[in-house]
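For reference, the structure discussed in these notes is given below.
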Amino acid sequence: MAHHHAHPAPASGARRRESRLLFAFALTTLTLIVEAVGGWLSGSLALLADAAHMLVDAGALLFAWLGARFARRPADARRSFGYARLEVLVGYTNALSQFVLVAWIVAEAVMRLGNPQPILSGTMLVVALAGLAVNLFVLFVLSGHDHADVNTAAARLHVLGDLLGSLGAVAAALLIGGFGWLWADPLLSVAVSLLILGNAWRLLRRSAHILLEGTPEGIDAGIVASTLSAEAEGVREAHHVHVWQLAGGYHIATLHVRLHEDADPDRSLASIRAVLHDRFRIEHATVQLDRLDCGDPRCHP
């Protein structure tokens with residue numbers, strides 16, 4: 001059995017991602033305090049909802065920073081693949097937190113629709129515009145990351161939710177100040193929450209799929225086997241193929257291979273790894289060479 005010892009290595013931009021996440025956490029924490037005070041003074045649910053988003057998001061950014069930092073830890077005897085999957089756990093937890101937050105906002109909005117509260121639209125507008133500016137800046141700070149990085153993707157999801165919340169608060173402040181429509185405040189809060197819910201569901205499904213060791217998107221085990229048989233040097237047949245992800249974008253595979261009788265095992269293994277890497281972005285592969293039939297009923301479904 002051949003084991004490809006290419007365990008995850010820290011990305012060159014890992015430290016930069018950490019710094020950006022920590023900076024975004026500090027800005028978000030400061031802004032949530034301002035919005036919470038502004039929402040309390042103005043009586044705006046939209047501002048309070050956005051502050052609640054930011055409270056969750058400040059924690060999300062903090063955990064994202066911790067996840068990125070721990071993911072750089074080297075492998076040890078107990079965790080042979082290191083801590084890379086911690087970023088997926090953080091992304092999964094962040095997505096779940098959004099569901100709880102949306103439920104609270106919707107419940108509060110329903111109560112306010114039945115019993116409108118007076119709102120200071122001027123104070124609400126100033127605070128909402130300040131929150132919008134900070135959210136745009138934080139989103140810019142977190143831009144340009146690797147889209148396979150589930151951890152930073154989760155942080156961006158939260159910041160995007162804050163951005164939408166700030167936009168909703170600005171719109172509600174303008175409608176209340178211009179037309180006296182108090183219902184705009186809770187209604188726009190619900191609308192923003194529903195938009196966030198869709199993004200949270202997609203992130204939840206993606207993170208759960210990785211945690212359940214599902215086959216990465218765009219990869220089919222049958223196609224991997226047939227491609228190896230057609231393109232890898234000396235390969236007669238590939239079977240019992242399993243492909244999954246350690247973390248976002250880092251693919252792992254185990255498989256059995258039967259070689260032609262005159263094939264050189266070392267050359268064939270090198271060719272197999274090259275095909276797996278070049279065609280399917282599989283970074284880590286464990287290949288078992290079967291001289292005869294596999295003997296395992298799982299090899300041939």
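The values are calculated or read from the model by the stated rules, or taken from the named source; none is laboratory data. Please read all numbers here as calculations on a predicted model, not as lab measurements. Here Cβ is always computed from backbone atoms with ideal geometry, including for glycine, and neighbour counts include all displayed protein chains.
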Item checked: Given (1) in contact (Cβ under 8 Å) with a residue 40 or more places away in the chain; (2) crowded, with 18+ Cβ neighbours inside 10 Å; (3) in a helix (DSSP H, G or I); (4) touching a helix residue (DSSP H, G or I) at 6+ places or on another chain (Cβ under 8 Å), index of the condition L164 fails -> (1)
Notebook entry, point to check: Residues of segment 86-135 being of a type in the set (F, W, Y) and in contact (Cβ under 8 Å) with a residue 60 or more places away in the chain, which ones?
Noted result: Y92, F99
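Checking the structure you have, find out if any residue of segment 195-214 is in contact with a strand residue (DSSP E or B) (Cβ under 8 Å, 6 or more places away or on another chain), modelled with pLDDT of 80 or more and not in a helix (DSSP H, G or I).
So far as segment 195-214 goes, yes, one or more of its residues are in contact with a strand residue (DSSP E or B) (Cβ under 8 Å, 6 or more places away or on another chain), modelled with pLDDT of 80 or more and not in a helix (DSSP H, G or I).
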Check: Quick one: is E108 acidic (D, E) and either modelled with pLDDT of 75 or more or on the phi > 0 side of the Ramachandran plot (or both)?
Finding: yes
Margin query: Looking for something closer than 30 Å to A184 by Cα, at pLDDT 75 or above, among the polar types (S, T, N, Q) and assigned to a loop (DSSP other than H, G, I, E, B) - is there at least one such residue anywhere in segment 111-120?
Written below: yes
Notebook entry, point to check: Within the set of pairs 6+ apart or on separate chains, which have a first residue in segment 41-66 that is assigned by TED's automatic domain parsing to the domain that holds Q117, a second that is aromatic (F, W, Y), and C-beta atoms under 8 Å apart?
Noted result: L48/W40; A52/W104; A58/F25; L61/F25; L62/F25; W65/F25
Next item on the list: Looking only at segment 107-124, decide whether some residue is within 19 Å of L30 (Cβ to Cβ), surrounded by fewer than 21 Cβ atoms within 10 Å (Cβ to Cβ) and either charged (D, E, K, R) or out of contact with any Phe, Trp or Tyr (no Cβ under 7 Å at 6 or more places or on another chain) (or both).
Entry: yes
Check: Among L269, L182, L174, which is in contact (Cβ under 8 Å) with a residue 24 or more places away in the chain, of a type in the set (A, V, I, L, M, F, W, C), in the same structural domain as S121 (by TED's automatic domain parsing) and part of a helix (DSSP H, G or I)?
Finding: L174
Item checked: Filtered residues of segment 167-207 (kept if of a type in the set (F, W, Y) and either touching a helix residue (DSSP H, G or I) at 6+ places or on another chain (Cβ under 8 Å) or crowded, with 20+ Cβ neighbours inside 10 Å (or both)) -> W181, W183, W201
